[in-house]
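The values are calculated or read from the model by the stated rules, or taken from the named source; none is laboratory data. Owing to the predicted nature of the structure, the values given are computational and were not obtained by experimental measurement. Cβ coordinates were reconstructed from backbone atoms using ideal geometry, including for glycine residues, and neighbour counts include every protein chain displayed.
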Amino acid sequence: MLKPSEFVLRRGLDPAFALFDELLQLSWTCDSRGALSSLSPRWEAYTGKPCDQLVGHAWLEVIHPEDLERVLEAWKQAAKRREPFTWDYRLRRHDGAYRWFVARGLVMPPVEGQPEAWFGFSTESHEMFEARQVLEREQERLVRIADVSPYAFYSFELRPDGSASFPYVSKAFRALYGEATDEVLRDGMHAVRLVHPDDLPGMVASMQRSQADLSVWHYEWRARVPGRGEVWLEGHSVPVPEADRRVTFHGVMVDITERKMREAQIEQLNDQLEGKVKNRTAALEAANRELEGFTYSVSHDLRAPLRAINGFAQALVEDYGPQLPEGAHRYLDTVQQGARRMGRLIDDLLSFGRLSRQPFNPRRIDTGALVAECLRELRGDSTARIVVHPLPASFGDASLLRHVWLQLLSNALKFSKPKSDAAIEVGAAETPEGDDAFFVRDNGVGFNMQYVGKLFGVFQRLHRSDDFEGTGVGLAIVERMVHRHGGRVWGIGEVGVGATFSFTLGSEAAHAD
Amino acid sequence: MRSGLAPDILLVEDDPSDLELTLRALKKTTIANRIEVVRDGAEALEFLFAEGAYASRALEPMPRLVLLDLKLPKVDGLEVLKRIRQDPRTKHVPVVALTSSQERVDVMKTYALGINSYVVKPVGFDAFMVAVRELGMYWLLLNQAPEGGTR
C-alpha cells in the first residue's frame with residue numbers, strides 16, 4: 001500500500017502542491033534556511049497580506065514576537081537534523097489578533113540537482129490550545145491548593161486482586177507517613193499494613209460499606225508510622241467505581257493525634273473534676289448531716305437546762321418567796337431573765353440554721369402586698385409615720401423574703417421608737433447595674449459607719465441590750481436569705497440621724513436553672 | 001403510784017428537772033390525780049403491755065393519756081409511739097409528744113406515726129405551766145374517747 005506522496009512521486013509528478021493549495025491548513029515550502037518559497041492562498045485570507053509579501057523571511061513578521069526566538073531555534077534544530085518537526089506558535093490574523101497554530105514540517109525527498117527543500121502545514125489550534133491551557137491552569141491551581149493545605153489530598157485505587165496504589169497524593173501526605181512515604185507510594189497496601197491491628201477490621205469494614213453503597217467514607221484510626229510512632233489519622237473520601245471492578249477513593253487525610261490527646265486530657269480532667277465534685281458533695285452532705293445533728297441536739301439538750309434554771313427559780317419564788325429577802329428576789333429575777341434570753345438566743349440560732357437549709361422555691365411576688373402584710377403584723381402600738389412607695393414585683397421564695405422584710409421593718413420600728421417623730425420610708429431604686437434595690441429607711445438612732453462591717457455577723461450587736469432588745473441574729477438571717485436569692489444587702493447609717501438598709505435580688509433568669 | 005387503779009396519765013420523761021417541773025405543773029391543774037412515771041422508752045413499753053417489772057399490772061384499763069418525751073434512753077420516743085400505734089390494745093390511747101425539739105423533721109415524723117398532739121416545752125416556766133395545763137384540759141376533760149377505747 002502506497003502512501004499518497006509515494007504515489008505521486010512514482011508518477012514523476014509533484015502534485016502535492018496542487019493538493020496543498022486546497023487544504024484548510026496554511027501550507028508552505030521553504031529552503032534549508034527557512035526562507036519560504038511558496039505559500040497556499042489561505043495565508044493571504046488569514047493574515048490579510050498578499051502571499052508575495054510573506055515569502056522569504058518576511059513570514060517572521062506575522063509570528064508573535066514572544067514566539068519568534070523559540071520558533072527560530074526550533075527551526076535551526078530541525079534543519080540541522082533534517083527531522084520532521086512540530087511546534088506551537090502564534091500567528092497574526094488580518095484583524096491583528098494572534099491565534100495559536102501548530103506547525104508540522106518535513107524535509108522533501110531529494111531531487112537530483114535541486115537544493116534541499118521542506119514543506120509543511122500550519123494548522124490553527126487556538127481553541128484546543130486555550131482549552132488545554134485552562135485545564136493546565138486549573139490543575140495547577142488545584143495542586144497548589146492541595147499542597148499548601150494541612151490536609152493530605154489523595155486518590156487511593158483499590159483493585160480486585162487486592163493490590164492498591166496512590167495515583168495522586170499532595171505534599172502533606174509525606175508529613176503523615178514520614179519515612180514510610182516512599183514505600184506507601186510504591187505499594188498502596190503498605191498504608192494498610194501500618195494501621196493499628198485493633199483498628200484495621202473496623203477500617204476495612206467501613207471501606208467495604210462505603211464501596212458497596214458509594215457513600216462518603218469517614219474513619220479515624222491509629223497508624224504505626226516508622227520514625228513517628230503511633231499517630232491518629234482521620235480520613236474522608238468518596239469512592240468512584242472504575243473499569244475492571246477497580247474503585248478509587250478520592251479524599252483527604254489529616255493527623256489528629258494532638259486533638260485525640262487533648263480529648264483524652266479533657267476526658268481525664270472531666271473524670272478528675274467529677275471525682276472532686278463527688279468528694280466535695282459528699283463532704284458537704286456530711287457537714288450538713290453533722291450540722292443537722294448539732295442543731296438537733298442544741299434544740300433538745302441546750303433548752304432542757306434552761307427550763308430547769310427558769311422553772312426552779314420560779315418554784316423557789318412560789319414555794320419560799322415569803323422567806324426570801326428582797327435582794328434574793330432581785331437575783332432570782334436576773335437568773336430568770338438570763339435563762340429566757342439564752343432561750344431566745346438558741347431559738348434564733350436554730351431558726352437561722354433552719355432558714356438556711358429551707359428549700360428554695362422562687363416565684364413572682366407582689367412586693368407591695370408582702371410589705372403591707374408584714375407591716376400589719378409588726379405595727380402594734382407604734383406611732384411611727386410609715387410611707388411605702390410603689391414597689392416593683394420581685395422574684396424569689398415567698399417565705400424567705402417574708403423573713404427579710406419582717407426583720408428589716410421590725411428593726412426600723414425598733415430603732416426609731418425613741419424618736420417622737422419616728423418616720424419610716426420603704427421604696428425601691430435602680431442600682432447603677434440596673435437591678436431593683438429595695439430599701440427601708442428610718443430616722444432612728446442609726447449606727448456608726450465605723451462598725452458597718454459587723455452589721456451582718458451572727459450575734460453581732462451595735463447597741464447595748466439595755467437599750468434595744470435583740471440577739472444579733474436578725475441581720476445575719478437577712479444576709480443569708482438575700483445571698484440565697486443571688487442578691488446583696490448593705491446598710492448606711494449615721495448616729496442619731498437614722499439608717500437605711502437596701503437589698504437586691506438576683507434576676508429571674510439567674511434562677512431559671 | 002397506786003397499783004390496781006389505771007393512771008390518768010403515763011408520763012414518759014428521763015430528764016429529772018423536766019420531770020419535776022411537769023409533775024409540779026400537772027399537780028397545780030388538779031385535773032390529773034393519778035400519774036404514772038416511767039423514765040425511758042423500754043420501761044414505758046413494759047408498763048403499757050404489762051411486761052417485765054409491770055408483769056403483775058392488769059392490762060386494762062389503759063392510761064387516758066401518754067405524755068411522751070421524744071429523746072429517751074434505750075428505746076426512743078418515736079419507737080415507743082410506733083409500738084403503741086401498732087398494737088391493737090394500745091392503738092387508741094392518746095399520745096402527746098412533749099419535747100424540746102422544734103425541728104420540723106421530728107414534728108413530721110411523729111405526725112406520720114400517729115401522734116395526737118405535739119407540744120414544745122417552752123423555756124419560760126409560766127409558758128410551760130400554760131402548755132401543760134391546756135393539754136391536760138383538752139385530753140382528759142374535753143376529748144371524747146373512741147367507742148371501746150381506753151375507759
Selected residue (criterion: surrounded by the most Cβ atoms within 10 Å (Cβ to Cβ)) from residues of the range A:160-170 that are out of contact with any strand residue (DSSP E or B) (no Cβ under 8 Å at 6 or more places or on another chain) and in contact (Cβ under 8 Å) with a residue 12 or more places away in the chain = A:Ser163
What number goes with the only condition from (1) closer than 30 Å to B:Lys71 by Cα; (2) surrounded by 11 or more Cβ atoms within 10 Å (Cβ to Cβ); (3) free of Cβ contacts under 8 Å to residues at least 40 places away in the same chain that A:Thr295 does not pass?
-> (3)
Only residues that are at pLDDT below 90 and polar (S, T, N, Q): list them for the range A:291-329, please.
-> A:Thr295, A:Ser297, A:Ser299, A:Asn310, A:Gln314
For the range A:282-293, indicate whether the set of residues that are of a type in the set (S, T, N, Q), more than 22 Å from B:Ala25 (Cα to Cα), under 55 Å from the mean Cα position of the chain (by Cα) and part of a helix (DSSP H, G or I) is non-empty.
-> yes
Residue selected from the range B:65-93 under the condition surrounded by 22 or more Cβ atoms within 10 Å (Cβ to Cβ) and not hydrophobic (A, V, I, L, M, F, W, C), by the criterion nearest to the chain's Cα centre (by Cα) | B:Asp69
With criteria (1) over 49 Å from the mean Cα position of the chain (by Cα); (2) surrounded by 12 or more Cβ atoms within 10 Å (Cβ to Cβ), A:Phe129 comes up short on (1)
Can you spot a residue in the range B:56-78 that is under 24 Å from A:Ser297 (Cβ atoms) and either of a type in the set (Gly, Ala, Ser) or without any contact (Cβ under 8 Å) to a residue 12 or more places away in the chain (or both)?
-> yes
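Checking the conditions here, which among A:Val204, A:Val143, A:Val148 is β-branched (Val, Ile, Thr) and either modelled with pLDDT of 95 or more or surrounded by 14 or more Cβ atoms within 10 Å (Cβ to Cβ) (or both)?
Numbers: A:Val204 fails: either modelled with pLDDT of 95 or more or surrounded by 14 or more Cβ atoms within 10 Å (Cβ to Cβ) (or both); A:Val148 fails: either modelled with pLDDT of 95 or more or surrounded by 14 or more Cβ atoms within 10 Å (Cβ to Cβ) (or both).
From the options A:Val204, A:Val143, A:Val148, the qualifying one is A:Val143.
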Among (1) touching a residue at least 40 places away in the same chain (Cβ under 8 Å); (2) part of a helix (DSSP H, G or I); (3) loosely packed, with under 15 Cβ neighbours inside 10 Å, which single condition is A:Gln211 missing?
-> (3)
Note on the range A:406-436: residues among the hydroxyl-bearing types (Ser, Thr, Tyr), surrounded by 15 or more Cβ atoms within 10 Å (Cβ to Cβ) and out of contact with any helix residue (DSSP H, G or I) (no Cβ under 7 Å at 6 or more places or on another chain) are A:Ser416
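Answer yes if at least one residue in the range A:16-26 is in contact with a strand residue (DSSP E or B) (Cβ under 6 Å, 6 or more places away or on another chain) and at pLDDT below 85, and no otherwise.
Step one: filter the range A:16-26 for residues in contact with a strand residue (DSSP E or B) (Cβ under 6 Å, 6 or more places away or on another chain), giving A:20, A:25-26.
Next, only the ones that are at pLDDT below 85 stay: A:20.
Yes.
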Within the range A:112-159, of all residues that are in a helix (DSSP H, G or I) and of a type in the set (Lys, Arg), the one nearest to A:Gly188 (Cα to Cα) is A:Arg144
Hey, among the residues in the range A:79-107 that are assigned to a loop (DSSP other than H, G, I, E, B) and out of contact with any helix residue (DSSP H, G or I) (no Cβ under 9 Å at 6 or more places or on another chain), which one's farthest from A:Phe129 (Cα to Cα)?
-> A:Arg82
Of a type in the set (A, V, I, L, M), in a helix (DSSP H, G or I), away from every other protein chain (no Cβ under 11 Å) and within 30 Å of B:Val105 (Cβ to Cβ) - does that describe any residue in the range A:260-281?
-> yes
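Right, B:Glu43: within 14 Å of chain A (Cβ to nearest Cβ), of a type in the set (Asp, Glu) and either out of contact with any His (no Cβ under 8 Å at 6 or more places or on another chain) or under 21 Å from B:Lys82 (Cα atoms) (or both) or not? Break it down stepwise before answering.
Details: within 14 Å of chain A (Cβ to nearest Cβ): no; of a type in the set (Asp, Glu): yes; either out of contact with any His (no Cβ under 8 Å at 6 or more places or on another chain) or under 21 Å from B:Lys82 (Cα atoms) (or both): yes.
Considered against the rule, which asks whether it is within 14 Å of chain A (Cβ to nearest Cβ), of a type in the set (Asp, Glu) and either out of contact with any His (no Cβ under 8 Å at 6 or more places or on another chain) or under 21 Å from B:Lys82 (Cα atoms) (or both), B:Glu43 comes out as no.
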